[in-house]
Amino acid sequence: MTSALTTTAFADTILHWYDLHGRKHLPWQQDITPYRVWVSEIMLQQTQVATVIPYYERFMERFPNVQALATAEQDDVLHLWTGLGYYARGRNLHACARQIVERYNGEFPQSVEQLSELPGIGRSTAGAIVSISMDIRAAILDGNVKRVLTRFYAVEGWPGTTTVQNRLWDIAERLTPQHRHREYTQAMMDMGATLCTRSKPACGICPLQPECLGHASSKPTQYPNSKPKKDKPEKHTWMLMLRNPQGEYLLQPRPQTGIWGGLWSFPEAPSMAQAEQWLSTHFGDTAEHTQELNSFRHTFSHYHLHIHPVAISLTRSTAQIGEAEQHWYNPRNPSALGLAAPVKKLLQSSL
DNA sequence: AAATCGGGGGT
DNA sequence: ACCCCAGATTT
């Protein structure tokens, strides 16, 4: 980790580049408040800017402040989160808003330590909130910053390990300047997002290039070192699309934890045989036209899920199924519920 | 320390 | 088809 550049010169270089080329017109960069920055940071976790923007605009219109979010129903929050993924972010966002209202009288606490105790806010997100919206010096270490730093210092090792992560935090803290925190934080993210990109870094126009060890190595894209590969298991599930005579589909809430936590989905079975078993138990005299639709594959970060949709038309509406909560969903008049992306897709294609 | 959580966009 | 993205939480 040797560079001719002092930490001060590093920040000055970044800030000068930001003044000329940084992004200053993103939605969350207007009317900067802790609430608006917080929501944007949560949405931007593992999700790219272009994807987030329409979700952010809708969310801000519906929940303009932390009080509005705190008093909302979880279904209303997850409805606006449908399609963004990582739904624990939506649940944590909601829980966090309620804690801020209850414990802090609706005002965001002004330290990385206090913010980090709140659900969904870790060290990096807390650093972003205080540096951008409160003018408090703090480092961040998101994907963009990791990429810039691992390249600039040619840091070996996968950043998922504690060793590499600690080293990167040390570097990030050391490089954060004493002034212009908001601009520096934004500048580092912009560098990573627009210049020091994953596969085609624009080293030719990068102000850090003369001192960059990654560039000197002639293989800057080898940083950050990639995660060790693992085979993804293949899993299967049968989704039962029960349609009543009114054209409504039966949905059930999923558990709060695990895949699609807190969202609504079709009843599922681990095999077609068990699906038919379940059908005869609950709909023995009302189910007809059971038809297996074309299956498709949905890929998660850690496994592939083969979804086998089964269309079942009911001769009449049926009462409560066991003790489970349930909702009859009309695709022509959608309810405000959180839906997993494949469920939403299936409901739309049923029209 | 390692596993768990989605969906989309780039290549 | 594969990689990974403005990470945090749980085990």
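The values are calculated or read from the model by the stated rules, or taken from the named source; none is laboratory data. Fair warning: this is a prediction, and the values are worked out from it, not measured in the lab. Heavy atoms of the whole protein, side chains included, go into the accessibility calculation; ligands, DNA and RNA do not. Shrake-Rupley method; radii C 1.70, N 1.55, O 1.52, S 1.80 Å.
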Measure nothing but the geometry: give the 0 to 90° angle between the long axis through the Cα atoms of A:49-62 and the longest principal axis through the Cα atoms of chain A, rounded to 10°.
-> 70 degrees
Value of relative contact order over the range A:7-222, rounded to a whole percent, pairs C-alpha under 8 Å and six or more apart | 23 percent
For the range A:234-349, what relative contact order do you get, as a whole percent, if you take Cα pairs closer than 8 Å and at least 6 residues apart?
-> 37 percent
Alpha-carbon Debye profile of chain A, log10 I(q)/I(0) at 0.08, 0.09, 0.10, 0.15 Å⁻¹ | -0.51, -0.62, -0.74, -1.22
Hey, if we sort A:Asp170, A:Asp76 by accessible area with the 1.4 Å probe, largest down, what's the order?
-> A:Asp170, A:Asp76
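Quick one: pull the percent of accessible area on chain A belonging to carbon and sulfur, 1.4 Å probe, ligands and nucleic acids left out. Walk me through the intermediate numbers first.
Details: 8490 of 17650 Å².
Carbon plus sulfur share of accessible area: 48 percent.
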Rounded to the nearest 500 deg cm²/dmol, what is the calculated helix-only ellipticity per residue at 222 nm for chain A, with -39500 (n - 2.57) per DSSP H run of length n ≥ 4?
-> -12000 deg cm²/dmol
Taking just the C-alpha trace of the range A:1-122, give me its Rg and Dmax in Å.
-> 16.9, 54
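Per residue, how many Å² of accessible area does the range A:234-349 show with a 1.4 Å probe?
Details: 6000 Å² over 116 residues.
That works out to 52 Å² for each residue.
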So what does A:Phe266 come to for accessible area, using a 1.4 Å probe and Å² rounded to 10?
-> 10 Å²
Residue among A:Arg180, A:Arg297, A:Arg91 with the largest mean-square fluctuation in a Gaussian network model of chain A, springs linking Cα atoms under 10 Å | A:Arg297
Report, for chain A, the % of DSSP beta bridges that are antiparallel, rounded to 5.
-> 60 percent
How large is log10 I(q)/I(0) at q = 0.12, 0.16, 0.19 Å⁻¹ when the Debye formula is applied to the Cα atoms of the range A:213-340, each weighted equally and without solvent?
-> -0.56, -0.86, -1.15
Relative to the longest principal axis of the C-alpha atoms of chain A, give the angle of the C-alpha long axis of helix A:7-21, reported between 0 and 90° and rounded to the nearest 10°.
-> 60 degrees
Arrange the residues A:Asp285, A:Asp190 by how much accessible surface each exposes, largest first, with a 1.4 angstrom probe.
-> A:Asp285, A:Asp190
Largest first, how would A:His289, A:His308 line up by accessible area (1.4 Å probe)?
-> A:His289, A:His308
Hey, what does the equivalent ellipsoid look like for the range A:73-179, semi-axes from the Cα gyration tensor as sqrt of 5 times each eigenvalue, largest first, whole Å?
-> 29, 19, 11
If you find the alpha carbon centre of the range A:88-124 and of the range A:209-275, how far apart are they in angstrom?
-> 26 Å
Cα-Cα over 29 Å: which of A:Lys235/A:Lys344; A:Lys146/A:Lys229; A:Lys146/A:Lys344; A:Lys200/A:Lys227; A:Lys146/A:Lys232?
-> A:Lys146/A:Lys344
